[in-house]
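Data first, discussion second: the structure below is written as C-alpha coordinates.
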Amino acid sequence: MTSATPKRPVSELPGDPARLHLHYGHGHPAVSYDYEDTLEPWHVVVTYGTAGDEEWEDEEDGGSHAPAAGSEIGHLILWRLRDYTGDNRWEAADAESGDLEVIASAVLGRSGRDGYSAAFEKAVTHPVGDLLLLDRVSLDKEWRGFGLGPALAAEAIRRLSGGCCAVAVYPAMGEYPEDREQVTEAYRRHAKKKIAALWQSIGFQSFRRGVWLLDTALRHPEELLRARRAELHALSAAFQRPGPAESNSTGDMTATESGIQTPTSPGPG
(Lines give C-alpha, C1' and ligand atoms only; values in the text may rest on other atoms or scores of the structure.)
Protein backbone atom coordinates (compact mmCIF):
# COMPACT_ATOMS: atom_id res chain seq x y z
CA MET A 1 0.00 0.00 0.00
CA THR A 2 1.20 3.50 -0.79
CA SER A 3 2.02 5.46 2.35
CA ALA A 4 3.75 8.64 3.41
CA THR A 5 7.01 8.66 5.30
CA PRO A 6 6.80 10.02 8.86
CA LYS A 7 8.28 13.46 9.30
CA ARG A 8 7.83 14.16 13.02
CA PRO A 9 8.06 12.02 16.19
CA VAL A 10 4.82 11.04 17.91
CA SER A 11 6.00 12.86 21.04
CA GLU A 12 5.39 16.17 19.23
CA LEU A 13 1.68 15.51 18.70
CA PRO A 14 -0.40 18.11 20.59
CA GLY A 15 -3.14 15.57 21.33
CA ASP A 16 -4.55 12.15 20.51
CA PRO A 17 -5.34 12.07 16.75
CA ALA A 18 -8.13 9.57 17.39
CA ARG A 19 -10.09 12.43 18.94
CA LEU A 20 -10.25 14.49 15.78
CA HIS A 21 -13.77 15.14 14.46
CA LEU A 22 -14.94 16.31 11.03
CA HIS A 23 -18.02 18.54 10.79
CA TYR A 24 -19.61 19.03 7.35
CA GLY A 25 -21.35 22.24 6.31
CA HIS A 26 -23.05 23.59 3.19
CA GLY A 27 -24.68 27.01 3.20
CA HIS A 28 -26.30 29.14 0.51
CA PRO A 29 -28.53 32.20 0.16
CA ALA A 30 -32.28 31.69 -0.01
CA VAL A 31 -32.38 33.95 -3.07
CA SER A 32 -31.05 32.95 -6.47
CA TYR A 33 -27.40 33.59 -7.28
CA ASP A 34 -25.06 32.86 -10.16
CA TYR A 35 -24.29 29.18 -10.79
CA GLU A 36 -26.28 28.11 -7.71
CA ASP A 37 -27.15 24.76 -9.28
CA THR A 38 -23.72 24.16 -10.80
CA LEU A 39 -21.02 24.80 -8.20
CA GLU A 40 -21.84 23.65 -4.67
CA PRO A 41 -19.46 24.55 -1.79
CA TRP A 42 -18.69 22.27 1.15
CA HIS A 43 -16.73 23.38 4.20
CA VAL A 44 -15.41 20.72 6.56
CA VAL A 45 -14.22 21.88 9.99
CA VAL A 46 -11.75 19.68 11.89
CA THR A 47 -11.98 19.92 15.68
CA TYR A 48 -10.22 18.28 18.58
CA GLY A 49 -13.10 16.36 20.06
CA THR A 50 -16.45 18.06 20.43
CA ALA A 51 -17.66 20.74 22.81
CA GLY A 52 -18.78 19.23 26.10
CA ASP A 53 -16.14 16.51 26.26
CA GLU A 54 -14.86 17.76 29.61
CA GLU A 55 -13.94 14.23 30.67
CA TRP A 56 -10.85 14.53 28.51
CA GLU A 57 -8.32 15.74 30.98
CA ASP A 58 -4.88 17.00 29.96
CA GLU A 59 -3.22 14.32 32.05
CA GLU A 60 -4.78 11.70 29.80
CA ASP A 61 -2.60 13.12 27.05
CA GLY A 62 0.55 12.72 29.06
CA GLY A 63 0.62 16.36 30.08
CA SER A 64 0.80 17.43 26.45
CA HIS A 65 -1.58 20.35 27.01
CA ALA A 66 -4.01 19.13 24.37
CA PRO A 67 -6.39 21.66 22.77
CA ALA A 68 -9.68 22.36 24.50
CA ALA A 69 -12.48 19.99 23.54
CA GLY A 70 -14.24 21.29 20.44
CA SER A 71 -11.47 23.68 19.39
CA GLU A 72 -10.87 24.00 15.63
CA ILE A 73 -7.50 22.72 14.43
CA GLY A 74 -8.06 22.75 10.66
CA HIS A 75 -10.49 22.77 7.76
CA LEU A 76 -11.10 21.43 4.26
CA ILE A 77 -12.86 23.09 1.32
CA LEU A 78 -14.45 21.04 -1.45
CA TRP A 79 -16.76 21.88 -4.35
CA ARG A 80 -19.25 19.73 -6.24
CA LEU A 81 -19.31 20.64 -9.92
CA ARG A 82 -22.71 19.42 -11.08
CA ASP A 83 -23.40 18.05 -14.53
CA TYR A 84 -26.29 18.88 -16.87
CA THR A 85 -27.45 22.09 -15.20
CA GLY A 86 -27.51 24.20 -18.35
CA ASP A 87 -24.76 26.48 -17.02
CA ASN A 88 -21.30 26.74 -18.48
CA ARG A 89 -19.32 24.75 -15.91
CA TRP A 90 -16.01 26.29 -16.93
CA GLU A 91 -17.42 29.78 -16.29
CA ALA A 92 -18.76 28.66 -12.91
CA ALA A 93 -15.34 27.37 -11.86
CA ASP A 94 -13.50 30.37 -13.28
CA ALA A 95 -15.78 32.77 -11.40
CA GLU A 96 -14.74 31.15 -8.11
CA SER A 97 -10.95 30.84 -8.39
CA GLY A 98 -8.00 30.32 -10.70
CA ASP A 99 -7.28 26.87 -9.27
CA LEU A 100 -10.82 25.65 -10.00
CA GLU A 101 -10.55 27.09 -13.51
CA VAL A 102 -7.38 25.05 -14.12
CA ILE A 103 -9.24 21.89 -13.13
CA ALA A 104 -12.26 22.75 -15.29
CA SER A 105 -10.06 23.45 -18.30
CA ALA A 106 -8.37 20.06 -17.93
CA VAL A 107 -11.49 17.92 -17.46
CA LEU A 108 -14.27 19.59 -19.45
CA GLY A 109 -15.10 19.56 -23.14
CA ARG A 110 -14.52 22.68 -25.18
CA SER A 111 -17.97 24.16 -24.69
CA GLY A 112 -17.82 23.94 -20.90
CA ARG A 113 -21.47 22.96 -20.94
CA ASP A 114 -21.81 19.42 -22.19
CA GLY A 115 -19.65 16.46 -21.33
CA TYR A 116 -16.06 15.94 -20.32
CA SER A 117 -12.91 16.13 -22.40
CA ALA A 118 -11.75 13.11 -24.40
CA ALA A 119 -8.73 12.79 -22.11
CA PHE A 120 -10.96 12.71 -19.03
CA GLU A 121 -13.28 10.10 -20.56
CA LYS A 122 -10.24 7.93 -21.25
CA ALA A 123 -8.86 8.34 -17.73
CA VAL A 124 -12.07 7.66 -15.75
CA THR A 125 -14.00 4.38 -15.64
CA HIS A 126 -17.49 5.91 -15.83
CA PRO A 127 -17.10 9.55 -16.98
CA VAL A 128 -20.73 10.52 -16.37
CA GLY A 129 -22.05 12.57 -13.46
CA ASP A 130 -20.81 15.24 -11.08
CA LEU A 131 -17.19 16.00 -10.25
CA LEU A 132 -15.93 16.63 -6.71
CA LEU A 133 -13.14 19.21 -6.43
CA LEU A 134 -10.78 19.09 -3.46
CA ASP A 135 -9.72 22.71 -3.10
CA ARG A 136 -7.94 23.05 0.23
CA VAL A 137 -6.80 21.06 3.24
CA SER A 138 -5.31 23.08 6.07
CA LEU A 139 -4.17 22.06 9.56
CA ASP A 140 -2.66 24.17 12.32
CA LYS A 141 1.13 23.88 12.20
CA GLU A 142 1.41 21.83 15.36
CA TRP A 143 -0.70 19.09 13.74
CA ARG A 144 1.28 18.90 10.52
CA GLY A 145 3.84 16.26 9.70
CA PHE A 146 1.99 13.21 11.05
CA GLY A 147 0.10 12.00 7.96
CA LEU A 148 -3.20 13.54 9.00
CA GLY A 149 -3.91 15.75 5.99
CA PRO A 150 -4.44 13.06 3.36
CA ALA A 151 -6.18 10.83 5.90
CA LEU A 152 -8.74 13.55 6.66
CA ALA A 153 -9.12 14.35 2.95
CA ALA A 154 -9.85 10.69 2.23
CA GLU A 155 -12.55 10.64 4.92
CA ALA A 156 -14.19 13.76 3.49
CA ILE A 157 -14.07 12.37 -0.03
CA ARG A 158 -15.67 9.15 1.19
CA ARG A 159 -18.67 11.09 2.46
CA LEU A 160 -19.05 13.75 -0.24
CA SER A 161 -18.27 11.90 -3.47
CA GLY A 162 -21.52 9.94 -3.80
CA GLY A 163 -22.78 10.33 -7.37
CA CYS A 164 -19.46 11.77 -8.54
CA CYS A 165 -17.54 10.00 -11.28
CA ALA A 166 -14.20 11.34 -10.03
CA VAL A 167 -12.49 13.69 -7.61
CA ALA A 168 -10.04 16.29 -8.91
CA VAL A 169 -7.36 18.38 -7.26
CA TYR A 170 -4.81 20.92 -8.46
CA PRO A 171 -1.86 21.13 -6.05
CA ALA A 172 -0.44 24.64 -5.90
CA MET A 173 1.80 26.59 -3.53
CA GLY A 174 -0.33 27.69 -0.62
CA GLU A 175 2.31 28.73 1.88
CA TYR A 176 5.70 30.25 1.27
CA PRO A 177 8.83 30.56 3.41
CA GLU A 178 9.45 33.99 4.89
CA ASP A 179 12.34 34.43 2.48
CA ARG A 180 10.61 34.34 -0.91
CA GLU A 181 13.99 34.02 -2.61
CA GLN A 182 14.03 30.40 -1.43
CA VAL A 183 11.13 29.64 -3.77
CA THR A 184 13.19 28.68 -6.80
CA GLU A 185 12.04 26.42 -9.60
CA ALA A 186 13.95 23.58 -7.93
CA TYR A 187 12.09 24.32 -4.67
CA ARG A 188 8.75 24.09 -6.49
CA ARG A 189 9.66 20.82 -8.20
CA HIS A 190 10.75 19.33 -4.88
CA ALA A 191 7.53 20.44 -3.18
CA LYS A 192 5.37 19.02 -5.96
CA LYS A 193 7.21 15.71 -5.78
CA LYS A 194 6.30 15.48 -2.09
CA ILE A 195 2.71 16.39 -2.84
CA ALA A 196 2.55 13.67 -5.49
CA ALA A 197 3.38 11.03 -2.89
CA LEU A 198 0.69 12.38 -0.57
CA TRP A 199 -2.03 12.34 -3.24
CA GLN A 200 -1.04 8.87 -4.36
CA SER A 201 -1.39 7.68 -0.77
CA ILE A 202 -5.18 8.15 -1.00
CA GLY A 203 -5.73 7.10 -4.62
CA PHE A 204 -5.09 10.13 -6.85
CA GLN A 205 -3.28 9.70 -10.15
CA SER A 206 -1.60 12.37 -12.25
CA PHE A 207 -3.90 13.47 -15.09
CA ARG A 208 -2.74 16.48 -17.11
CA ARG A 209 -1.94 20.18 -16.77
CA GLY A 210 -1.00 19.63 -13.13
CA VAL A 211 -4.44 18.20 -12.27
CA TRP A 212 -4.78 14.90 -10.36
CA LEU A 213 -7.79 12.57 -10.48
CA LEU A 214 -9.24 9.94 -8.16
CA ASP A 215 -11.52 7.48 -9.97
CA THR A 216 -14.43 6.77 -7.62
CA ALA A 217 -15.33 3.56 -9.47
CA LEU A 218 -12.08 1.84 -8.49
CA ARG A 219 -11.54 -0.26 -5.37
CA HIS A 220 -8.00 0.99 -4.89
CA PRO A 221 -8.99 4.29 -3.18
CA GLU A 222 -11.13 2.32 -0.70
CA GLU A 223 -8.20 0.04 0.07
CA LEU A 224 -5.97 3.06 0.61
CA LEU A 225 -8.58 4.64 2.88
CA ARG A 226 -8.51 1.53 5.06
CA ALA A 227 -4.73 1.73 5.14
CA ARG A 228 -4.84 5.40 6.22
CA ARG A 229 -7.36 4.51 8.94
CA ALA A 230 -5.05 1.77 10.21
CA GLU A 231 -2.17 4.24 10.30
CA LEU A 232 -4.29 6.69 12.27
CA HIS A 233 -5.12 3.99 14.83
CA ALA A 234 -1.43 3.10 15.07
CA LEU A 235 -0.51 6.76 15.56
CA SER A 236 -3.10 7.09 18.33
CA ALA A 237 -1.85 3.93 20.02
CA ALA A 238 1.73 5.20 19.88
CA PHE A 239 0.63 8.53 21.34
CA GLN A 240 -1.16 6.81 24.24
CA ARG A 241 1.67 4.39 24.91
CA PRO A 242 3.55 5.29 28.11
CA GLY A 243 7.25 6.03 27.88
CA PRO A 244 9.25 7.83 25.20
CA ALA A 245 7.60 7.78 21.79
CA GLU A 246 9.49 6.40 18.86
CA SER A 247 10.90 9.12 16.72
CA ASN A 248 9.43 7.76 13.53
CA SER A 249 5.96 6.42 14.07
CA THR A 250 3.39 7.47 11.42
CA GLY A 251 3.73 10.05 8.97
CA ASP A 252 3.32 13.31 7.47
CA MET A 253 0.62 14.00 5.01
CA THR A 254 -0.49 17.19 3.73
CA ALA A 255 -2.31 18.26 0.85
CA THR A 256 -1.26 21.07 -1.26
CA GLU A 257 1.44 23.33 -1.96
CA SER A 258 -1.23 25.80 -1.33
CA GLY A 259 -4.47 24.20 -0.94
CA ILE A 260 -3.36 21.15 0.79
CA GLN A 261 -0.26 22.07 2.34
CA THR A 262 2.85 20.11 1.75
CA PRO A 263 5.28 18.49 4.09
CA THR A 264 7.74 21.30 3.77
CA SER A 265 5.39 24.16 4.24
CA PRO A 266 2.93 21.63 4.79
CA GLY A 267 -0.37 21.95 5.57
CA PRO A 268 -2.58 19.19 6.18
CA GLY A 269 0.23 16.99 7.04
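The values are calculated or read from the model by the stated rules, or taken from the named source; none is laboratory data. Quick caveat: nothing in here was measured; it's all calculated off a predicted structure. A quick note on method: Cβ atoms are made from the backbone with ideal geometry, for glycine too, and the neighbour counts reach across all protein chains shown. Just so you know, the surface numbers come from the protein's heavy atoms only, side chains and all, with ligands and any DNA or RNA stripped out. Shrake-Rupley method; radii C 1.70, N 1.55, O 1.52, S 1.80 Å.
In the list R228, R209, which residue meets the criterion of being over 16 Å from the mean Cα position of the chain (by Cα) and of a type outside the set (A, V, I, L, M, F, W, C)? The conditions single out R209.
Can you confirm whether E55 is more than 18 Å from V211 (Cα to Cα), part of a helix (DSSP H, G or I) and either open to solvent by 70 Å² or more (accessible area, probe 1.4 Å) or modelled with pLDDT of 95 or more (or both)? The answer is no for E55.
Scanning the stretch 18-43 for residues that are in contact with a Phe, Trp or Tyr (Cβ under 7 Å, 6 or more places away or on another chain) and touching a residue at least 24 places away in the same chain (Cβ under 8 Å) yields a count of 7.
Let me confirm something: among S71, S97, S105, S111, which residue is open to solvent by less than 50 Å² (accessible area, probe 1.4 Å) and either within 30 Å of G15 (Cβ to Cβ) or more than 22 Å from the chain's Cα centre (by Cα) (or both)?
On inspection, the qualifying residue turns out to be S71.
The single condition among (1) outside any loop (DSSP other than H, G, I, E, B); (2) within 19 Å of P221 (Cα to Cα) that P171 does not meet is (1). Residue count for the stretch 205-239, restricted to those that are in a loop (DSSP other than H, G, I, E, B) and either touching a residue at least 60 places away in the same chain (Cβ under 8 Å) or closer than 17 Å to Y116 by Cβ (or both): 5.
I need the full set of residues from the stretch 117-168 which are polar (S, T, N, Q) and free of Cβ contacts under 8 Å to residues at least 60 places away in the same chain, in order please.
Hits for the stretch 117-168 are S117, S161.
Condition check: touching a strand residue (DSSP E or B) at 6+ places or on another chain (Cβ under 9 Å), surrounded by fewer than 17 Cβ atoms within 10 Å (Cβ to Cβ) and not in a loop (DSSP other than H, G, I, E, B). Does E142 satisfy that? So E142 fits the description; yes. Residues in the stretch 168-190 that are closer than 16 Å to K7 by Cβ and at pLDDT 75 or above: H190 alone. Just one of the numbered conditions (1) open to solvent by 60 Å² or more (accessible area, probe 1.4 Å); (2) under 22 Å from L132 (Cα atoms); (3) not in a helix (DSSP H, G or I) is not true of P242: (2).
Can you tell me which residue in the stretch 39-52 is modelled with the lowest pLDDT, limited to those that are of a type in the set (V, I, T) and surrounded by fewer than 20 Cβ atoms within 10 Å (Cβ to Cβ)? Step by step, filter the stretch 39-52, then rank; the result is T50.
Out of everything in the stretch 14-38 that is of a type in the set (S, T, Y) and at pLDDT 90 or above, what residue ends up being nearest to the chain's Cα centre (by Cα)? Here the answer is Y24. You will find that of S3, S64, S11, the residue that is outside any loop (DSSP other than H, G, I, E, B), at pLDDT below 95 and surrounded by 14 or more Cβ atoms within 10 Å (Cβ to Cβ) is S11 and no other. Inspect the stretch 261-269 for any residue being under 16 Å from the mean Cα position of the chain (by Cα) and at pLDDT 50 or above and give the result as yes or no. For the stretch 261-269, residues under 16 Å from the mean Cα position of the chain (by Cα) and at pLDDT 50 or above: present.
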